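Visitor: Starting off with a structure, shown below.
A short reminder: the numbers here are calculations on the coordinates, not readings from a lab. Given the structure is predicted, the values throughout are model-derived calculations rather than measurements. Cβ sites come from the backbone with ideal geometry, for glycine too, and all protein chains shown count toward neighbours.
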Amino acid sequence: MLPELPLVDSFGRLHNNLRISVTDRCNIRCFYCMPAEDVQFMDKSELLTFEEIERFVRVAVPLGIDKLRLTGGEPLVRRDLHRLVARLATIPGVKDIGLTTNGIFLADQAKDLHDAGLRRINVSLDALTAESFKKFTRRDGFENVIEGIKAAQRVGFNPVKVNAVSVRGLSETEIVPFGHFARETGVEVRFIEYMPLDADNAWERSKVLFAHEIIETLSASIMPLKPVSDKLAGGHGGPATDFVFEDGIGRIGFIASISQPFCMSCNRIRITADGKMRNCLFSHDETDVRGLLRSEASDDRITAAIRSSVASKKEGHEINTARFIQPDRPMYSIGG
Ligand code: SAM
Ligand code: SF4
């Protein structure tokens, strides 16, 4: 049998990376993602089952998808997530499975996830005191996240990365503590510029704390940062630009989606918890994969749907233009 043609869009971008949202539910309410109260969550019957997710991945892998990341909502609120990891880890051709979590339930689940075959973990943590944590998350839980990070390191996740959304007016006090945190714990801290995906529609460009400002602060307050070549570091590519402090201790990454958009090297596709395929975080169009999965569509039909979604991918997100329109789905409902 001939190998499938890879997933290349009309701009020549090759897609090998699938982000799978397993739920839209979450145990906290980060202001840049969810509304504070009265969230309308999907009904359980709307969520793709583990069997349906596995089937979708089995169809996508021959097209060149070899890197998976589980996300949400908060993926660790989905019962028995480690069982999904174990199913996905046995699919021939899947090289890498990662998880993005807020870390609150991580201490309890880290070992099961590691045993199931998960190797890469990103914990989202925007601040390093309980008080400032709550300004981002509108809920308690800071100590649980710290315990979760320690547990992840203990059971063997390496590297553990921490994602911190950088917001002007809130994140400035956290920059230097995060620099020391990276140096002391071996965790790689990655600052993500605040993007217009909040349910409250309150994003403004002026609220983004830019990567270059953080680099300047860390370099002036701790010591100069030098860029790390991803290839030299044996990295896995992706949108982050990585730095290390001059003495070689402490890695800091930046996902500068606003100040340095990386759309032209985007290799990602996504599937939402309710089974809609999206070719971009900021897309306004979706492909109903759940409908196909539940109508006993053939693998060929699902393959055609994936190809057609990739083929229609737009050049970039256009956030920095007057043309930009925020998508209807906020981040928790897309899967970050
Ligand atoms: N609940 C998990 C978590 O927080 O890690 C996984 C889902 S969350 C939507 C995935 C990532 O998206 C997190 O690192 C979160 O900080 C980030 N995120 C959410 N809303 C964002 C926004 N408006 N701008 C930038 N990053 C955002
Ligand atoms: Fe929940 Fe993650 Fe959204 Fe925060 S960013 S509200 S933890 S889904």
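Visitor: List the chymotrypsin sites (Phe, Trp or Tyr not before Pro) in the range 239-336 that DSSP assigns to loop (not H, G, I, E or B) and whose Cβ has at most 16 other Cβ atoms within 10 Å. Which are they?
Guide: Passing both the DSSP loop test and the Cβ count: PHE262, PHE324.
Visitor: At GLU4 and ARG154, where each label point lies 7 Å from the Cα along Cα→Cβ, what is the point-to-point distance in nanometres?
Guide: 4.1 nm
Visitor: Given the C-alpha atoms of the chain, compute the convex hull and give its volume per residue in Å³.
Guide: Spread over its residues, the Cα hull of the chain gives 131 Å³ apiece.
Visitor: What percent does the relative contact order of the range 117-237 come to when contacts are Cα pairs within less than 8 Å and at least six residues apart?
Guide: 22 percent
Visitor: Enter the angle in degrees (range 0 to 90, nearest 10) between the Cα long axis of helix 211-221 and the first principal axis of the Cα atoms of the chain, meaning the one along which they spread out most.
Guide: 30 degrees
Visitor: Using only alpha carbon positions, build the gyration tensor of the range 1-147, then give the equivalent ellipsoid semi-axes as the square roots of 5 times its eigenvalues, largest first, whole angstrom.
Guide: Output for the range 1-147: semi-axes of 30, 17, 15 Å.
Visitor: While we're looking at this one, here's another question. With a cut-off of at most 16 other beta carbons within 10 Å, and DSSP calling the residue loop, which GluC sites (Glu not before Pro) in the range 250-326 qualify? Please list them.
Guide: Listed in order of number, the matching sites are GLU296, GLU315, GLU318.
Visitor: Pick out, from THR241, ASN163, ALA322, the residue whose Cα sits farthest towards the positive end of the charge dipole of the chain, with +1 on the Cβ of Lys and Arg and -1 on the Cβ of Asp and Glu.
Guide: Result: THR241.
Visitor: Remind me, relative contact order of the range 106-187 in percent, using alpha carbon pairs under 8 angstrom and six or more residues apart?
Guide: After rounding, I find 39 percent.
Visitor: Separate question: Report relative contact order for the chain in percent, whole number only (criteria: Cα-Cα under 8 Å, sequence separation at least 6).
Guide: Result for the chain is 22 percent.
Visitor: Loop only per DSSP, at most 10 neighbouring Cβ atoms within 10 Å: give me the trypsin sites (Lys or Arg not before Pro) in the range 288-326, ordered by residue number.
Guide: Taking the range 288-326 and a limit of 10 other Cβ atoms within 10 Å, the loop trypsin sites (Lys or Arg not before Pro) found are ARG323.
Visitor: Cα-Cα over 23 Å: which of LYS134/LYS161; LYS44/LYS111; LYS111/LYS161; LYS67/LYS276; LYS111/LYS276?
Guide: LYS44/LYS111; LYS111/LYS276
Visitor: Let me ask another. In vacuum, with every alpha carbon of the range 143-301 counted as one equal point scatterer, what does the Debye formula give for log10 I(q)/I(0) at q = 0.11 Å⁻¹? Two decimals, please.
Guide: Debye output, listed in q order: -0.57.
Visitor: To make sure I understand, if each residue's beta carbon is the centre and we count other beta carbons within 10 Å, what order do MET277, MET42, MET195, MET264 fall in, fewest to most?
Guide: So the residues, fewest neighbours to most, are MET264, MET42, MET195, MET277.
Visitor: Just to confirm my understanding: which cysteines in the chain have no other cysteine beta carbon less than 4.7 Å from their beta carbon?
Guide: Lacking a cysteine Cβ partner under 4.7 Å: CYS26, CYS263, CYS266, CYS280.
Visitor: Listing THR71, THR321 from the residue with the fewest other Cβ atoms within 10 Å to the one with the most, what is the order?
Guide: THR321, THR71
Visitor: Tilt of helix 299-311 relative to the longest C-alpha principal axis of the chain, in degrees (0 to 90, nearest 10)?
Guide: It works out to around 50 degrees.
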